[in-house]
Structures are given as structure tokens and as C-alpha cells.
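The values are calculated or read from the model by the stated rules, or taken from the named source; none is laboratory data. The structure displayed is predicted, hence computed values, not measured ones. Quick reminder, even Gly has a Cβ in these numbers, built from the backbone with ideal geometry, and neighbours come from all protein chains shown.
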Amino acid sequence: MKTIIKSGLRIVGLIAVLGVINLTGCSEQEEASVTQEVESEVVIPVIFRVDPETNVSDNKAFADEFNQEYEGTYRIEVEWLTESAAGYRNKIKQWNVLDKMPAVVVDAGFDNDFYQVMVENDRLVDLRPYMEQSDFWLDAMNPDILRDSTEADGSVYLSPLGSSVYSYAGLIYNEELLRRAGYEKIPETWEEFLQCLDALKEEGITPLALHGSGSYWVPMLIGTAYMERTQEGRDFLSEDFPDSFQNQNMQDMLEMLKLLYQYSYEDAVEIDYEQAANRFLNDEVAIIANGYWMFDTMTDEMKEKMRFTYFPEGVLMNSPRMGAWAVSSGYDEDVIEGAVKVLEYRIASEQPDLDELLNGAADSTLEASYAEAVKAVRTVMPNYQMKWEQEIQNEFFTEYMPELLAGEIETEEFLQLMDERNAAIRQRK
């Protein structure tokens, strides 16, 4: 772990201790005044999520290491919240309304509309001055990531990890299950990928871990990766908040989604992401679309039988901003400075691990396969979740995607309804 020179506000109190010391064993007593220095740590309230399926939090080690590094100066005081990722993000919005935000806001960049509300209401601290005072923070930030996190006036409210290396999403697969179907790895083309899914199904193995509840983001990762096979699809996915979704690329993507659900379990549309991920981790399904962040939910044994690869035709998704942390402005300056130290420490602590990962010293075969895929990726696609209206992804998909997948409405009608909802959202804004 990289050592950081400690700095920041230290609260020191002088406490006079009056001791009554019996020196003679008789009635004579002597009062002594002893002065000693007692240090008081600045407490930084943080809420970290615990996965309800695995009872694991990928931030526990981070909190322990920070508290050890800054012992006597700062201390992260964690409230552990057992909640799904979607549920946790909904609670962030509730905390904002109730003015009960934690000092460090995890996943502050997940919803662009909500992020803009927080900025407009002065809920977040501008990190730029602290970055400029740091010996390493700005230098550790990838220029593209920093630019994507910088507002028009130069303010920076979001702190993603400095490198994009940990932000890729692709396919994670169970090597043992694939081998039972006659495959050593995920095939390179979409046609061969579908053939692999057929082979898994013939072996009685559920090929894909998909879900419906929420934003459908796991199947949508595969679907949008499918759009990347054409230049027109790449151009469309690069648009920020498109005016219309009625195009051939969207039609092809939705048809692929309907096909993909035939390779999942019967109740896939009814379950949420946590349930889908848990089935994958329990060896009940062969493949899931996900990213590096999922590795922290796996045991060492799991990591030895899992592999990571890009989507067919060499595509990976990357979105550092979505996992960015921020600092809430609703605290005293000493707590804000401590919260900023948490973000700075997060940047510093990634560098040694990053160097090891890229230099071939990965902790597991899963991480080694991740590094190989990142180095070999041919196309990096943007994250649709940051480019489409949140209401489309959450409310519209929840309402109409089950009907589309059940064949109750056609693709063209779905896209027409999608455009109508999109227009209504724009009008309200």
C-alpha cells in the first residue's frame, strides 16, 4: 500500500487530570495536577453498501486501511447498509432530499440528472482546489477522465479512479462450464458466440445470467456491445441524450435482446441483478456481462475458475465517471477536509495495484485474464447509461421491456413509445 504523508486538521485538547495519591498510608494526601495531550480524530461519516446476496462489501478493506494510515487524525465511521446497487442509489436521492447525505458520497455520478441537481443546489464540494494542493492527485488522473469530470467553469465535483483500467466491462465466464460444452473461451464473433450459447444449452447449462428488475443493465451491456459492430451503431451510442431511438441499430439491438433471453432462466425478467449475479457465482450459469468491480464479491476459489474477456469482436465498455465518489458540502470544514483525504487516498491506493495488474503480477487468473483483455481490446464503447435519460432506463424499461420480451408488443411499437416518453421528459425539463 502506498504511504501518504498525513496532513490536515488535528484537534488537540489539554485535559488536566487531578490525581489523589496516598503517599503515607495515613490521612495526609497530596493533590497533583498532571497535564497530558489527548488527540481526537476527525470522524468522517460514510455509508457503504453490503451486497444482500453475498453479505460482502468491497469497501471494508479500504476503510480499514484508511483508518490505519490516518490513525489519530482521521477515521472513517462506516454505516453498513445491506442493499442492492439500485436500492442504494435510490437512497442517495432520499438522503439528499432529507439533507442527510454522508460526508463521502459513493457512486455520485451514476445518474447525470441527479448529479446536476446536486451541483445546482450546492450539495457537493468543488475538489479542484484540493487536487491542485495535492502532490500527486492531478498527475494521477488520466487526462480524459479528468476532462470528463470537469465542469465548464473548471470545477470538479466527481472523483473517479485516476485510471480507466478498473472501469471496463465485458464478459465474465465460468471456464469449467464452458469446457463441458466444448469451449475453452468465449468465441470472437457474434455468430460463434450464439453457437457457444447453443452448446451450453444442449449440455443442460444455463448460458446467460440476465435480469429484468431495474434498468436491465446486464443484458443491455451485451445489447449495446452488439450495436458496436457497425459504424452507424458506434455513432449512435456516442450521442449524448439522442432525440430519437427509431433507427435500424436500435431495432437490431432489441431483436438481439429478445434472442438472448432465450438463453437465460425462465424467470430472468422477474429477478433483479443481485439474484442474477448470485446464480452466476453459485455455478448455476455460465456467463455474465460485468466488470472488474464484480471481482471483489468473489472468493479466491471462484477467481481461479472464472475468466474475463471482451464482448465478441473485441469490444469493451468503459465508464469511470459512473463509479465516481464525491464530498458532501453539508459538514464542518474539518470533516470536509477529512472526506477529501478519503478520495485522495482512494486515488493513491490504486496505483500499486494498477502497476502490478498491468505488469503481469495479477493476484488471480481472473485478474490476469482481465489485464489481457484490456491490453487486447479493439473497440472501447461508451456507457449508454450515461447518455440516455434515466427515466427511460429505469421507469420505461421496467414498464415496457417485459411486454417486448414476451412478444406482446413489437419492436417498432416499443421504439415509438420510447420516443414519446423521451420527448415528454425533454418537455418537462
Inset, instruction - Can you give me the ranges of the helices (runs of 4 or more DSSP H) entirely in segment 312-429 with at least 3 residues that are modelled with pLDDT of 90 or more and in the same structural domain as Glu228 (by TED's automatic domain parsing)? - result: 365-376, 397-405, 411-428
Inset, instruction - For Pro242, indicate whether it is of a type outside the set (S, T, N, Q) and closer than 21 Å to Asn422 by Cα. - result: yes
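Checking the condition among the polar types (S, T, N, Q), surrounded by fewer than 18 Cβ atoms within 10 Å (Cβ to Cβ) and either closer than 26 Å to Asp272 by Cα or within 27 Å of the chain's Cα centre (by Cα) (or both), which residue from Ser244, Ser238 passes? Steps first, answer last, please.
Numbers: Ser244 fails: either closer than 26 Å to Asp272 by Cα or within 27 Å of the chain's Cα centre (by Cα) (or both).
The unique qualifying residue is Ser238.
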Legend entry - Restricting segment 378-429 to residues that are in contact with a strand residue (DSSP E or B) (Cβ under 9 Å, 6 or more places away or on another chain) and surrounded by fewer than 18 Cβ atoms within 10 Å (Cβ to Cβ), the residue that is farthest from Asp144 (Cα to Cα): Arg378
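Return the total of residues in segment 287-310 being of a type in the set (A, V, I, L, M, F, W, C) and over 19 Å from the mean Cα position of the chain (by Cα).
Looking only at that region, the number is 3.
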Inset, instruction - Pairs only if they're at least six apart or on different chains, beta carbon under 8 angstrom, first in segment 84-104 and in contact (Cβ under 8 Å) with a residue 24 or more places away in the chain and over 21 Å from Thr54 (Cβ atoms), second surrounded by fewer than 15 Cβ atoms within 10 Å (Cβ to Cβ) and of a type in the set (D, E, K, R); list them, first residue then second. - result: Pro102/Glu79
Inset, instruction - Sort through Glu79, Glu65, Glu69 and tell me the only one that's under 19 Å from the mean Cα position of the chain (by Cα) and charged (D, E, K, R). - result: Glu79
Inset, instruction - Would you check if Leu177 is touching a residue at least 40 places away in the same chain (Cβ under 8 Å), out of contact with any Lys or Arg (no Cβ under 6 Å at 6 or more places or on another chain) and either assigned to a strand (DSSP E or B) or crowded, with 23+ Cβ neighbours inside 10 Å (or both)? - result: no
Inset, instruction - Could you tell me whether any residue of segment 122-130 is β-branched (Val, Ile, Thr) and buried (at least 21 other Cβ atoms within 10 Å of the Cβ)? - result: yes
Inset, instruction - Determine if segment 34-43 includes at least one residue that is in contact with a helix residue (DSSP H, G or I) (Cβ under 6 Å, 6 or more places away or on another chain), without any contact (Cβ under 8 Å) to a residue 60 or more places away in the chain, not in a helix (DSSP H, G or I) and not charged (D, E, K, R). - result: no
Inset, instruction - Return yes or no: is Leu127 of a type outside the set (Asp, Glu) and in contact (Cβ under 8 Å) with a residue 40 or more places away in the chain? - result: yes
Inset, instruction - Could you please find all residues in segment 51-72 being in contact with a helix residue (DSSP H, G or I) (Cβ under 8 Å, 6 or more places away or on another chain) and of a type in the set (S, T, N, Q)? - result: Thr54
Inset, instruction - Return yes when Val42 is within 18 Å of Thr299 (Cα to Cα) and modelled with pLDDT of 70 or more and no when it is not. - result: no
Legend entry - Filtered residues of segment 372-403 (kept if touching a residue at least 40 places away in the same chain (Cβ under 8 Å) and within 17 Å of Asn247 (Cα to Cα)): Tyr384, Lys387, Trp388
Inset, instruction - Answer yes or no as to whether Ala140 is farther than 19 Å from Lys387 by Cα, out of contact with any Cys (no Cβ under 7 Å at 6 or more places or on another chain), surrounded by fewer than 21 Cβ atoms within 10 Å (Cβ to Cβ) and in contact (Cβ under 8 Å) with a residue 60 or more places away in the chain. - result: yes
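Yes or no, residue by residue, for (1) outside any helix (DSSP H, G or I); (2) among the basic types (Lys, Arg); (3) assigned by TED's automatic domain parsing to the domain that holds Thr398:
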| position | (1), (2), (3) |
| --- | --- |
| Gln68 | no, no, no |
| Arg89 | no, yes, no |
| Val97 | no, no, no |
| Lys100 | yes, yes, no |
| Val117 | no, no, no |
| Gly154 | yes, no, no |
Inset, instruction - For segment 182-203, state whether one or more residues are closer than 23 Å to Lys303 by Cα, modelled with pLDDT of 95 or more, in contact with a Ser or Thr (Cβ under 6 Å, 6 or more places away or on another chain) and in a strand (DSSP E or B). - result: no
Legend entry - Of residues in segment 86-119 being hydrophobic (A, V, I, L, M, F, W, C) and buried (at least 19 other Cβ atoms within 10 Å of the Cβ), the one nearest to Val43 (Cα to Cα): Ala103
Legend entry - Filter pass, Gly109 being part of a loop (DSSP other than H, G, I, E, B) and modelled with pLDDT under 90: yes
